[in-house]
Amino acid sequence: MDFLEVKNINKSFKNKKILKDVSFSIKKGEISSIFGYSGEGKSTVLSIICGLLKQDSGDVFLNGKNIGKMEPYERSISLVMDEPLLFPNMNIMENIAFGLKLNKNKAKLSLHKQNKKSVKDIVLNIMDILGISGLENRFPNEISMGQSQRISLARAIVTNPDIILMDEPFSNLDIISKTKVRSLIKKIQKELKITILLVTHDIEDIMNLSDTMFILNKGYIQEFGNPEDIIKKPSSWDTACLMGTDNIFEGKIMSVDKKNNKITIYFKNNGSDNDWYIECYYQPEFEENEDVYFVIRPEDIIILREDRMPSNAVKENHFKGKITSAVFTSRMMEILISTSENQLGNIQFKVLMPFHAYEIMKLSAGKTVSISLKKSAIHIIKKKQHVNGKLQ
Amino acid sequence: MQIFKKLFIRNNKIFDIIVFFISFVFFISLALILSGIFFQTSLKIFISELSNIHLWNSIFLSFKLSSLVVLINLIIGIPLSYILSFKKNKFSFLLDLISTLPLTMSPLVIGFAVLITMGPLNPIGKFFISHGIKFVFTPQGIVLVQLIISFPFFVNILKESFDSINRKMINLSKTLGASSFEILYKIILPLSFNGLLAGIAMSWSRSIGEYAATQMVSGVIPNLTETAPIEVFVKTSYGNYPAAIAISALLMIISFMSLGVFKFFYYRAKLTK
């Protein structure tokens, strides 16, 4: 049995069904995350797990015990929210020690007689780990947002809960504190072996932190697994969109060649057939003449250098196109390439490449380039999706 | 019309002058009217009236009763404001309405209602009388009506103060393991401390100055149910103006001070928000 199990949770607000039979389970000592669009009920799931909201039906099991009907303070689950929500009437020391001084945790601490440390020692220790020592006597309105969020984290960890829920803990932080807090969470998670369930709408949080991800879309868990697998091989069009896969194309399978490990797909651009096609490695369960989607991550498209003969590795799926725009985002150059001026026959590719490569190749908007789509990077998605065992 | 527009609507300076003038005139006349009683007497008579033991008895009685009222207010007001603020549901509206009703009702009507209900002809009154508790013409009766009249002040101020507490913070402290009682006395009450003090000051001043409802149930028994405001009326009806003036002056000073305490905490509560 898994550490935390959520079984068939249903919840509606004012006749609108937010969660439909949501079930998932997470393992001890892992960071799991729930990912989805805003307003899809991610926070509702967390509220139900920690007991702030009552589910319409379904159960929550923690460590094999049904906690679905307990009061929030009886469950050993802490919550960290997007705001630090420190108690303004207490200083930082008292804020962190708040949980320790409550009756419930007092009883819990006295059970483990081996750590006879005083409350003050425990608090100072956790503050040291989180890098906020020296703030003990300050008040919440005197410190920065990043520090406040770390204190909020300390306050949640210090009571030694079975699981910590985080509801978009980084969304109010600036980019520098965000990176800091993120790596801090990773560090302390390894050190203290805490189980964390994270809710976020930022794919970067998930790629950085989590071991398992659940995609919550339209009220049910649409997909789950290792984040890297999902981002490379999404099983549905919805997931692909959600994960920020920009190159999603419609196509029709021309031939399936299992022997030579090859599938050929026509682009079905704008509904009209044309002669553009790609080849990719064999993937099971596809038939000839089947309408499919196929995706390729923008990082996996290679722009070929004109001055060199293409090597074997990039000798596949060549297209010629014109750069329509090149934008420098925070980390990479984002390049849009169109194969044709004509709206109808046009196929647009999005390519991400490092800035130095962009400079060396002397690329610029308006230039015509050759690109190559790696066979191994192309992933085919079925048009008809099996969801929750039912055909949608 | 054009001139009016030019002078008033589109001119900030003239607007300011008019606003200040109206408030200032009102302020001056209010101060004159209220302090008028001080000019009607001489210092000598005033001091000789102050040495009257009867006067101090009524003042102390008022003090005692309204302090008791505040104490009961604390005991019933905190749970009531907690329910009104944190347990909102379909019936909160009704509860809020009922608990605010005494604010707008005539105090005389409230006093009369208590007089009738607690009288020997009413089943409720009969029940209490048969158990030896009398609410008519006794100090208990005064406490009861003053409680009815002053608790809406206390509850409303405290509720407003509770309402300003961040609900997400309350929820978060639940997940840290705090029970409802721990949340109440560790977070909610410390955070609404200013509101609590303001509520106490307000309900105390309201009940110490209360006349009409008190008069209905007091029966004007000297040293037992004759509170200071009643004493003023009694002395005035006898034509003993110097004595009435002395008590009024004391009452005025008391309410000035307690209202000052209220305003002080009220403004501090607003500032710290």
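The values are calculated or read from the model by the stated rules, or taken from the named source; none is laboratory data. Keep in mind that what you see is a predicted model, and the values were worked out from it rather than measured. Neighbour counts are summed over all protein chains in view; Cβ atoms, including those assigned to glycine, are modelled from backbone coordinates with ideal geometry. Just the protein is used for accessible areas: all its heavy atoms, side chains included, with ligands, DNA and RNA removed. Shrake-Rupley method; radii C 1.70, N 1.55, O 1.52, S 1.80 Å.
Checking B:Val145 against (1) in a helix (DSSP H, G or I); (2) out of contact with any Phe, Trp or Tyr (no Cβ under 8 Å at 6 or more places or on another chain); (3) within 14 Å of another protein chain (Cβ to nearest Cβ), only one condition comes out false. Which one? Exception for B:Val145: condition (3). I'm checking my understanding of the structure. Among residues of region A:300-315 that are surrounded by 12 or more Cβ atoms within 10 Å (Cβ to Cβ) and at pLDDT 70 or above, which one is nearest to A:Ile360 (Cα to Cα)? Within region A:300-315, the match that is nearest to A:Ile360 (Cα to Cα) is A:Arg305.
Given B:Ser29, B:Ser35, which one is open to solvent by less than 100 Å² (accessible area, probe 1.4 Å), outside the structural domain of B:Tyr241 (by TED's automatic domain parsing), under 12 Å from B:Ile245 (Cβ atoms) and not aromatic (Phe, Trp, Tyr)? Outline the logic, then answer.
Details: B:Ser29 fails: under 12 Å from B:Ile245 (Cβ atoms).
Going through B:Ser29, B:Ser35 in turn, just one is open to solvent by less than 100 Å² (accessible area, probe 1.4 Å), outside the structural domain of B:Tyr241 (by TED's automatic domain parsing), under 12 Å from B:Ile245 (Cβ atoms) and not aromatic (Phe, Trp, Tyr): B:Ser35.
Here's the yes/no breakdown for (1) in a helix (DSSP H, G or I); (2) at pLDDT below 85; (3) in contact with a Cys (Cβ under 7 Å, 6 or more places away or on another chain):
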{"site": "B:Lys5", "(1), (2), (3)": "yes, yes, no"}
{"site": "B:Val19", "(1), (2), (3)": "yes, no, no"}
{"site": "B:Phe26", "(1), (2), (3)": "yes, no, no"}
{"site": "B:Ile33", "(1), (2), (3)": "yes, no, no"}
{"site": "B:Gly36", "(1), (2), (3)": "yes, yes, no"}
{"site": "B:Thr41", "(1), (2), (3)": "no, yes, no"}
{"site": "B:Asn57", "(1), (2), (3)": "yes, no, no"}
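No other residue among A:Trp237, A:Trp276 is at pLDDT below 80 and under 30 Å from the mean Cα position of the chain (by Cα) apart from A:Trp237. If the condition is being open to solvent by 10 Å² or more (accessible area, probe 1.4 Å), on the phi < 0 side of the Ramachandran plot, within 14 Å of chain B (Cβ to nearest Cβ) and not polar (S, T, N, Q), then region A:167-179 contributes only A:Asp167.
Within region A:60-83, the set of residues being more than 10 Å from every other protein chain (Cβ to nearest Cβ), free of Cβ contacts under 8 Å to residues at least 40 places away in the same chain and buried (at least 17 other Cβ atoms within 10 Å of the Cβ) comprises A:Ile67, A:Gly68. If you take the residues of region B:155-175 that are open to solvent by less than 10 Å² (accessible area, probe 1.4 Å) and closer than 13 Å to B:Leu84 by Cα, which of them is farthest from the other protein chains (Cβ to nearest Cβ)? The selected residue is B:Val155.
Reported count of residues in region A:212-226, each being surrounded by fewer than 20 Cβ atoms within 10 Å (Cβ to Cβ) and of a type outside the set (S, T, N, Q), is 4. Of all residues in region A:151-166, exactly one satisfies the criterion of being surrounded by fewer than 23 Cβ atoms within 10 Å (Cβ to Cβ) and among the charged types (D, E, K, R), namely A:Asp162. Pairs are defined by a Cβ separation below 6 Å, a sequence spacing of at least 6 or placement on different chains, a first member in region A:139-162 that is under 14 Å from A:Pro88 (Cα atoms), and a second member that is assigned to a loop (DSSP other than H, G, I, E, B) and of a type in the set (Gly, Ala, Ser); no pair meets this definition. Restricting attention to region B:176-191 and to residues that are at the interface with chain A (Cβ under 7 Å from one of its Cβ atoms) and under 24 Å from B:Asp96 (Cβ atoms), the residue that is least open to solvent (accessible area, probe 1.4 Å) turns out to be B:Ile187.
Here is a yes/no grid of residues against (1) buried (at least 22 other Cβ atoms within 10 Å of the Cβ); (2) of a type in the set (Asp, Glu):
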{"residue": "B:Ala201", "(1), (2)": "yes, no"}
{"residue": "B:Pro222", "(1), (2)": "no, no"}
{"residue": "B:Glu231", "(1), (2)": "yes, yes"}
{"residue": "B:Thr236", "(1), (2)": "no, no"}
{"residue": "B:Tyr241", "(1), (2)": "no, no"}
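Residues in region B:243-273 that are surrounded by fewer than 16 Cβ atoms within 10 Å (Cβ to Cβ) and over 19 Å from the mean Cα position of the chain (by Cα): B:Arg268, B:Lys270, B:Leu271, B:Thr272, B:Lys273. Look at (1) assigned by TED's automatic domain parsing to the domain that holds B:Arg167; (2) open to solvent by 80 Å² or more (accessible area, probe 1.4 Å); (3) of a type outside the set (Gly, Ala, Ser) and you find that B:Ile76 fails only one, number (2). Among A:Ile188, A:Ile151, A:Ile164, which is within 14 Å of chain B (Cβ to nearest Cβ), modelled with pLDDT of 85 or more, farther than 26 Å from A:Glu40 by Cα and not in a loop (DSSP other than H, G, I, E, B)? Exactly one of A:Ile188, A:Ile151, A:Ile164 is within 14 Å of chain B (Cβ to nearest Cβ), modelled with pLDDT of 85 or more, farther than 26 Å from A:Glu40 by Cα and not in a loop (DSSP other than H, G, I, E, B), namely A:Ile151.
Among the residues of region A:84-107, write down those that are within 18 Å of A:Leu52 (Cβ to Cβ) and within 7 Å of another protein chain (Cβ to nearest Cβ).
Our first condition is that a residue be within 18 Å of A:Leu52 (Cβ to Cβ); within region A:84-107, this holds for A:84-85, A:87, A:98-99, A:102, A:104.
Hits for region A:84-107 are A:Leu85, A:Phe87, A:Phe98, A:Gly99, A:Leu102, A:Lys104.
Among the listed residues A:Leu192, A:Leu197, identify the single one that is more than 14 Å from the chain's Cα centre (by Cα), in the same structural domain as A:Ser12 (by TED's automatic domain parsing), farther than 20 Å from A:Ser330 by Cα and not β-branched (Val, Ile, Thr).
On the way: A:Leu197 fails: more than 14 Å from the chain's Cα centre (by Cα).
Going through A:Leu192, A:Leu197 in turn, the sole match is A:Leu192.
Pairs linking a residue in region A:12-39 that is more than 21 Å from A:Met207 (Cα to Cα) to a residue that is open to solvent by 40 Å² or more (accessible area, probe 1.4 Å) and not polar (S, T, N, Q), with Cβ atoms under 7 Å and 6 or more positions apart or on different chains, are A:Ser12/A:Asp56; A:Ser23/A:Lys7. Of all the numbered requirements in (1) without any contact (Cβ under 8 Å) to a residue 12 or more places away in the chain; (2) surrounded by 10 or more Cβ atoms within 10 Å (Cβ to Cβ), B:Ser58 misses one, and that requirement is (1).
Restricting attention to region B:193-205, which residues are within 14 Å of chain A (Cβ to nearest Cβ) and within 27 Å of B:Leu144 (Cβ to Cβ)?
Passing the criteria: B:Gly195, B:Leu196.
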